[in-house]
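The next block holds one structure in the form of structure tokens; read it before the comments.
The values are calculated or read from the model by the stated rules, or taken from the named source; none is laboratory data. Computed from a predicted structure; not experimentally measured. Backbone-built Cβ (ideal geometry, glycine too); neighbour counts: all protein chains shown. Remember, those area values only see protein heavy atoms, side chains included, never the ligands or the DNA or RNA. Shrake-Rupley method; radii C 1.70, N 1.55, O 1.52, S 1.80 Å.
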Amino acid sequence: MDSTRKLWTGLAVLLISSFAVLLWVGSEVHRQAPPMPERVVSSDGEVLYTRADIERGRQVWQSIGGQQLGSIWGHGAYVAPDWGADWLHREAEAILDRWAAREHGLASYKALDVPTQAAYAARVQGLLRPNTWDADTATITVDPDRAAAMAQVAAHYVSLFGNEPETAVLREAYAMRNDTVDGAENRQAMTAFFWWVSWSQVTQRPGQEISYTANWPADKLVGNTPPPSALLWTVFSVLFLIAGVGLLGWHYAVNHGEEMAPVLPASDPLADIRLTPSMRATAKYFWVVMALFLVQILLGATTAHYQIEGQQAYGFALSEILPYSLTRTWHTQLAVLWIATAWLGMGLYIGPAISGHEPKFQRLGVNVLWVCLIVIVVGSFAGQWFAVMQKLGLAHNFWFGHQGWEYVDIGRFWQWFLFVGLGLWLLLVGRALWPAIVGGGESKSIVLLLFLSVVAIGVFYAAGLMWGEHTHLSMVEYWRWWVVHLWVEGFFEVFAVAVIAFLFTRLGLLQVKTATIAVLFATIVFLAGGVLGTLHHLYFTGTPTAVIALGASFSALEVVPLAYVGFEAYHSYRLGKATPWMARYKWPIMFFIAVAFWNLVGAGLFGFLINPPLPLYYMQGLNLTPLHGHTALFGVYGMLGVGLMLFCLRGLKPDVEWNERALSVSFWAFNIGLAGMALLTLLPIGVLQLNAALEHGYWYARSAEFMQQPLIDLLVWMRVPGDTIFSIGALALAWFMLRLWIVPKRRALPLREAAAGA
């Protein structure tokens, strides 16, 4: 009991100190973010842009899908360019061409000799990098040559986002539909936002030699090279990783094996759980999970195909109905929704199962929450369609349309609706768990941790409500990653660990005391890196250098508990084969083992590949990012969602014989398909892009010139085998679920069958 109390104290101290630092960093981000000018003027007095133009331009960009069509500061989609990097390079070249024409009579500066080109490059850096922001007047002043170049680049974007013939080929390469932005006025306003983003990427911070985005993106032409801090903290992150893994290995070697082996029960202990009406009502959640999952896969295939045919699908003008930014929006949003639904359904199922208590009107609450979930999905997706198709208007887009922020795209009204729904879920699960918490017992700590994670899941989604329509871009990114990293990757993980620990103790695979210590220790180790590890997403989003230092140090520690999870998964696998009745839980446990594998590979190996500052400086927004994203999001959280769902289905249909072949096909198809997708397409394209970024600059690695090469097309087509195998896995899982309810095959033996030979 003393060791448990110490772990609880350590967890409390860790959370208080970590969030104190995270909030302090937020205040520094707010204080040092790139300034938003009231006016952008040329030195001869012409007003080029106003703050209203920039703000309206951002609204327009959000309404067309925002980060789901190209990216800003490296965050977003991967087919179209990063708009800030693209604008910056085009503007620099426009200035150089202007000088070459005026001073040498040449159409392009590239026709100059090498020494003159080098002199021009130094000259353009001297024009672009100095900070001309005047805090007293809130004005940015630019040279007339730069003003002329800005007008030239703006004209290109007005054409690109419209329907002009001269940019039709580029529009198709970027997977943009014709008239992506409705109206010349809105297109012109959007150029103001793009220019301000590019300005923050090259303009030096006051008193420093680095830009507001720490010299990101890489572009030697404008003097953007990695700052020394990126190399310094990358070295430290590697040292932290080695030290963390070493300490964990030492701890595991010293402490593992001291506990007594559990005495395995003769029959399935979970067979004693009495199904309550609310537990039975959770079945519909898992049907929704399956439906959303299948639609997500279909949209993923459509989104991938847009990289081959930018506006069509085998000759059909699909972009006129479902443009790329919309299919990608729904694909990424559904990934979060179906996984979260699986976990929410598990929470509603496990609450009464743990306490044996069915609160009054619990079934009604479960059904109401399910209806709310359906309304949120249908309503938010309809709003996003109207927004991207430019049928909603800017006045209502923020609340009912498309916010433009990857993974938190839904309109603010639907965010509030979801927050209220999570509050209802917290109430339903909490009041079902409460008797088990108050009653105490050996499992009290595990149940309490489960309850606290439920509270955190319900409360921390509020981070998605912390920004407004005109909140500074740096602060939006800060709060957005609270949702994506802390909410999805943090507290859902704690919830899952606690649920699995409870299930394993009830199955008799782990002693309660051992499981309690292991769960608390794993939570501490995970959150030690996970909370401040959030900052590794914010290196280049207009944040101070402290973000690089803290993010690099603590994100390295995120990899450490993944090795611990691997140890425990292998231990669980061995225990799972120790008694015949455990065959009933073979596939849920197999999915948990897959979680451990992809945790190590997807979240650990591929995550650490891109997370240190120097690698991320070049890799952010290249295909090495979705390599990590796909293998971590589905490999860890998707597999975990399926495993938890199978545990619930085992209890919901206790007397039905499972279709083992369908589950075997599903399990291996998921793993083989995901590996094929990663290794045959995302990894090789990412490596080729990395080489291009190192050699020519980030803008080139994301350009149509590079991404439309025949080799890239071939590698995109190489996704077909992996995607097909993966889809077969999903269909097999759907068939398995269908057979549980449609003509199920009943078990021949009584439910409480004894061990073999009894």
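Put a plus charge on the Cβ of each Lys and Arg, a minus charge on the Cβ of each Asp and Glu, and nothing anywhere else: the dipole of the range 315-463 about its Cα centre is then about 260 debye. Bridging of K6 to aspartates and glutamates at a Cα separation below 17 Å is possible for E442, once same-chain residues fewer than 8 apart are set aside. Rounded to the nearest 20 debye, the dipole magnitude of the chain is 2900 debye, with +1 charges on Lys and Arg beta carbons, -1 on Asp and Glu beta carbons, and the Cα centre as origin.
Heavy-atom accessible surface of the range 448-515, averaged per residue, reaches 24 Å², computed with a 1.4 Å probe.
Ordering A135, L88, G162 by the projection of their Cα atoms onto the charge dipole of the range 69-175, which places +1 on the Cβ of Lys and Arg and -1 on the Cβ of Asp and Glu, puts L88 at the extreme positive end. For the range 266-353, dividing the convex hull volume of the Cα atoms by the residue count gives 117 Å³ per residue. Ordering of 649-662, 150-163 by packing is 150-163, 649-662, highest average first (other Cβ atoms within 10 Å, averaged per residue).
For the pair A243 and M36, the difference between a 0.36 nm per residue extended length and the Cα-Cα distance amounts to 70.3 nm. Check cross-link reach from K745 to the aspartates and glutamates: straight Cα distance under 14 Å, and skip same-chain residues fewer than eight apart. Correct list for K745: D655, E657, E660. Rounded, prolate or oblate: which one fits the range 111-194, using the alpha carbon gyration tensor with axes a ≥ b ≥ c (rounded when a/c is under 1.5, else prolate when a/b beats b/c, else oblate)? Since a/c reaches 1.5 but b/c is at least a/b, the shape of the range 111-194 is classed as oblate.
The A148 and A52 beta-carbon pair, evaluated with R₀ = 22 Å, returns a calculated FRET efficiency of approximately 0.45. Both numbers refer to the Cα atoms of the range 209-361; Rg and Dmax are 26.1, 72 Å. Per-peptide packing, taken as the mean over residues of other Cβ atoms within 10 Å, places 429-439, 59-69 in the sequence 59-69, 429-439 from highest down. For the pair A20 and D272, a Förster radius of 56 Å applied to the C-beta separation gives a FRET efficiency near 0.80, rounded to the nearest 0.05. For the chain, the alpha carbon positions stretch 97, 55, 46 Å along the principal axes, listed from largest to smallest.
Under 5 Å from the amide H of A175 lies no amide H of any residue 5 or more positions distant or on a separate chain, with H modelled from the backbone and absent for Pro and chain starts.
Heavy atoms of the protein chains alone define the surface here; on that basis the range 610-724 has 32 Å² accessible area per residue at 1.4 Å probe size. Taken as entire DSSP H runs, the helices of the chain that both span 27 Å or more between Cα atoms along their own long axis and average -0.5 or more on the Kyte-Doolittle scale are 2-32, 184-202, 228-255, 283-305, 324-355, 362-388, 412-438, 719-741. Charge dipole of the range 15-78 (Cα centre as origin; +1 on each Lys and Arg Cβ, -1 on each Asp and Glu Cβ, all else neutral): 200 debye, rounded to the nearest 20. Expressed as a whole percent, the accessible surface of the chain that belongs to carbon and sulfur atoms is 67, based on a 1.4 Å probe. Of all DSSP-defined beta bridges confined to the chain, some 70% are antiparallel rather than parallel. Annotation: extensible slack from V169 through V235 equals 19.4 nm (criterion: 0.36 nm per residue apart, minus Cα-Cα distance).
Here the alpha carbons of the range 588-666 define both size measures, Rg and Dmax, at 16.4, 55 Å. Which of G246, P226, Q117 sits farthest toward the positive end of the charge dipole of the range 111-254, with +1 on the Cβ of Lys and Arg and -1 on the Cβ of Asp and Glu? After comparing all options, I get G246. Counted residue by residue at 0.36 nm each, then reduced by the alpha carbon distance between them, the extension gain from R280 to W434 reaches 53.4 nm.
Taking +1 at the Cβ of each Lys and Arg and -1 at the Cβ of each Asp and Glu, which of Y212, L292, G365 sits farthest along the dipole of the chain towards its positive end, judged by Cα position relative to the Cα centre? After comparing all options, I get G365.
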